[in-house]
Amino acid sequence: MTTSEPILALDAALAHALGAAGLRVRHVADADGIDLTEVSIVAMGPDWARLEAWRVAGHRVGALVLLGGAPEPEARAVLEPLVIARDARPETLRAAVARLEAGRAARQLRLGPATVDLGRRLARVEGVERRLSQLEADLLAYLAARPNRDVSREELQLQVWGHHRATSGRSVDMAVSRLRRKIEPDPAEPQHLLTVRGGGYRLVRAAGRTGNLPAPRDAFVGREGLIAELEGLLEGPERLLTLVGPPGAGKTRLALALARRAALPGGAWRCELVGVEGLDELALAVSRAMQLSLGDTGEVDPLARLTRALAHRGPTLLVLDNAEHLTGPLGAAAGAWLAGCPAQRLVVTSRVRLGVGGERVVAVPPLTLAEARALFMTRAASAGAEVEAGPLLDTVVALLDRLPLAIELAAARVRALGMAALRDHLDARFRLLRGGPAADPRHRTLHAAIAWSWGLLALELRAALTALSVFVGGFHAEAAAAVLGLDALDTLDALEALVDRSLVQPEGDRYRMLESIRSFAGAHGDPGGLAEARRRHAGWFAALAARWSPQWGRSGSAEALRRLSAEAGNLAAAWEASAAVDARAEITLALDVLHEARGTFEGRLARLDPTIAAMEGGDPALLTRLRYARGAARLARRDLAAEADLRAAAEGFAALGRPWDAGRATNELAYLHHLTGRSEEALALCDHGLAVHGFPLCHSLAANIRINLGREDDVEAAFDRMHRTIDALEAAGRVRDAVSGCTLLLDVLLDKGRLTQGISLVERAEGLQAQLPGRHLEGVLLYYRSRLHMSAGRNPEALALLDAAWPLVRDSSPVPLQLVVLKSIGIAAAHGGAPRRAVRSFQEARAVLQRTGDTRREALVLTNLATAWLDLGDLRAAERALEDCDALLAGASIPSIERSATLLRACARILEGRPEAAVAPLASLDLPAMIPYKQAFAHGLRGAIAAWAGLPSDAADALEAVLRQHEVSSAPHWWWLLPALRAGHQGPVADVVSGTRVAHALVRLVARALPPPP
């Protein structure tokens, strides 16, 4: 301000006195409507109690002029600089204003590249303005008045927080953290607002501090939790921290970030140890880095001279960087310094611990996923590329082992390559990940960083690292012993040595190697040793596969899946490397177990096909197991080529004297026949599987088929047999088969409307599923539970269950089951009053089929989509869907889909108001050849036509025919249609929600086609 600017006066007498002194004064009666945070000078009279009220409310003012006789405020510190005018004489007031102006000028702070106007509460850092809160401005003003002085949290609580005497130290820390983000160029590495060991802060106003730390080249990202932990250790009794981690883990950047936060009188220093050899060179390197004189050169021991010099320097922090090659001399020196320099603190970066007393070893792991994302995006933005968070970024940082060096080098290439190309080029990571000429030579490329560690290894450890590079995804010590060709103790010695050098990481009872190190060792090790390691690796995992894959489907399923899942990467690598046909077959079968357990099919046949081709004429037991596995894989995709494999497997198992497996293959073959409309052959195969092989699940499948065909004379007896089959399978420990038996029974129970029995059976199936490893069947059972809700008319609950089932089914189930769930979502949405969501669900199902090229099922889904469009009243969209269906079926005759299309076109004609055009299509249908629910809807449409024709009695008869196709309990809401027709009005037909499959939506169409009430 200047003296020409107005002063705010809240006292009339004082306003008059100020005006008499020639000052411009704005007089107000009170401050209720004034933003006091923007006021620098307030003149007020004896009623200074208002000042206390403002302070309690959080207002701050730069200075006050108090009229004579006003008492001085107690908490004067919060108003610094405070000028008190104890009289109102003009000359005194002029002098007071002059002092106020000087005080205001003093409230301009220069902190390196930052300028802070405490009066306006504005900080400008590198051209960017940031507004301070009043509390932040007060905190900074208090520290600025005490530059380079340690100020405790307690003092800040009392003097800055004022009346908040109970404020916690954490509140002070949070305020300091917020303030750093506004005044420091890099708040992670503050240059001015420093943390003091013991619980306080210091403001350093001059640019730079004591020490030789290099200026940060860019912002430090991540590791906040680890830095806080390290700060806590240094503030405590720890005086020697050794940061150990693999090449490229960011140990140097972390140590420097930690050092920049330190506030020790002797400063923070860094000594680079690359190229330093021996104790004498170490002492000379440290003395040069810290600008120390070693005193009397006549004394022989340079370490003793350096120790005395360090002790005279006082409390300091010394970063000893890249010490892995110097652990012996540095260990001796560190011990001497800790003993002779009680105020010295040491931070060592190394890939190997020093192994001296008083050392605290802290592992520097790869970044977390969130930190890796943030670092990549930040560095890419600095290079002029915008990268979005998402699966592609997560894949890239995972391939980079989440190592900071690899991430920074890769992010610099994004602008030129793009993310997808970067991912695809990471196999050649050592050529791709190169830095510019300004980088540290060891960090200029990822290759150089790892080569430094490789060069320090003894030959036997290089050989061990090369051999261990054949493992993918980790390994146990027993597997390492087999690959290294060593006994258990020698293997543990080698692993311990590599772990100590941060080249192998322990993970529970396993070990793993970062992909970058694994790639380097594989490329630079002895080729002969590598080939021998691969041969041993394949043999070990073939034996593991032979042991555990036969346990799948039995009582040992959980342990088998755990063992095989842990070694999925190693099994895949062993499959690629194995030259022995039988060994490759065992590994193929183990990998197929993983595919089955996870419900994945990508790559499944790609291994089965060549393995079977190579096995022809080989071990009949292995060949039979392979044929069954391929048949099951093809069956899951409804591939008719499964028939030959399943038939060969059934015959092969029978010849080997394995009736249970022969029965399972026969049952799968029967199911394939049933799916393809060959029900008679399917029933014959079920009878054979039961009579010849004694496979109990054939009972359930046969009952399911007969009930669906309406050929089971005693349904209750069939249900009882199916229950007893489940009991027998569970008693035999065949839990997966028991769950399959539950789903076969659930299909018929739900179709027959046996909801109470269905609920009980779903609960039993869920209990069985809980005994199995993985979540493969969880989505299936959620689907069946949703069907129970749909059958009871509870569509919102059904839709919620289907929404929960879909991610599980999408990620772990074959395409046919995915389609069933998507179609069910569409049906539940349509009945729940969300026809547009139904359309989206059917469209998604169609997209799945278009990716797989399954035109038959795509045509079927198009009939569902047409139904949804009809439900929306969009007849043109429905017709387009049916035309697409016709195009897919061109040249092929699939009567069931053709009949569905005919029914839907008849519905469309009725909805258009042209019921007469629906008569001929309906008359062309061969009702006895149609499955029951389609017969029901043909009758329903005829009833609608009769209703349009004004023949309610005929309409009612037609709808009674609908009900005869199902047990009454399977569609309880259909009963609304009969009284509605007979009474001559529609009734609550919009609530009709029951039935099965496509019938759900069609029954609503029938209802909508009825004539309006008279």
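Rule-based calculations on the coordinates, nothing more; no lab input. The structure presented is a predicted model; accordingly, all values stated were derived computationally and were not measured. Ideal geometry is used to build each Cβ from the backbone, glycine not excepted, and the neighbour counts take in all protein chains shown.
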Legend entry - From phi via Karplus (6.51, -1.76, 1.60), per-residue ³J(HN,Hα) for the range 531-547 in Hz, x at Gly/Pro: 5, 5, 4, 5, 5, 5, 4, 5, x, 4, 7, 5, 5, 5, 5, 5, 6
Inset, instruction - Could you pull out every residue, at least 5 positions away or on a different chain, whose amide H is within less than 5 Å of the one on A323? Hs are placed 1.01 Å off N in the peptide plane, and Pro or chain starts have none. - result: T349, S350, R351
Legend entry - Sorted peptide list for 765-772, 324-331, criterion being average Cβ within 10 angstrom, highest first: 324-331, 765-772
Legend entry - Cut-off under 5 Å, modelled amide H: who pairs with T242 long-range: V348, R360, V361, V362
Inset, instruction - Pop out the ³J(HN,Hα) list for the range 879-890 in order, Karplus 6.51 cos²θ - 1.76 cosθ + 1.60 with θ = phi - 60°, rounded to Hz; leave Gly and Pro as x. - result: 5, 4, 4, 5, 5, 4, 4, 4, 5, 5, 8, 4
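Which of D394, D645, D218, D747 comes first, and how do the rest follow, when ranked by fewest Cβ neighbours within 10 Å?
Exposure proxy ranking, most exposed first: D218, D394, D747, D645.
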Inset, instruction - Per residue of the range 396-407, in order, report the coupling 6.51 cos²θ - 1.76 cosθ + 1.60 (Karplus, θ = phi - 60°) as ³J(HN,Hα) in whole Hz, putting x for Gly and Pro. - result: 5, 5, 5, 5, 8, 6, 6, 7, x, 4, 4, 5
Inset, instruction - Kindly put Y784, Y628 in sequence by how many other C-beta atoms sit within 10 Å of each C-beta, fewest to most. - result: Y784, Y628
Inset, instruction - Convert 20 °C to kelvin, take the viscosity as 1.002 mPa s, use the Kirkwood radius over C-alpha pairs of the range 560-643 as Rh, and evaluate the Stokes-Einstein diffusion coefficient in µm²/s, rounded to a whole number. - result: 166
Inset, instruction - Considering the options V483, G522, A458, tell which one lies farthest towards the positive end of the dipole of the range 457-525, charges being +1 on Lys and Arg and -1 on Asp and Glu at the Cβ, about the Cα centre. - result: G522
Inset, instruction - Could you list F653, F475 in order of exposure, starting from the residue whose Cβ has the fewest other Cβ atoms within 10 Å? - result: F653, F475
Inset, instruction - Please list, in chain and number order, the residues 5+ apart from L132 or on another chain whose amide H is under 5 Å from its amide H, with Hs placed from the backbone. - result: L122, A123
Inset, instruction - Please go through the range 606-694 and write out the GluC sites (Glu not before Pro) that DSSP classes as loop and that have at most 15 other C-beta atoms within 10 Å. - result: E616
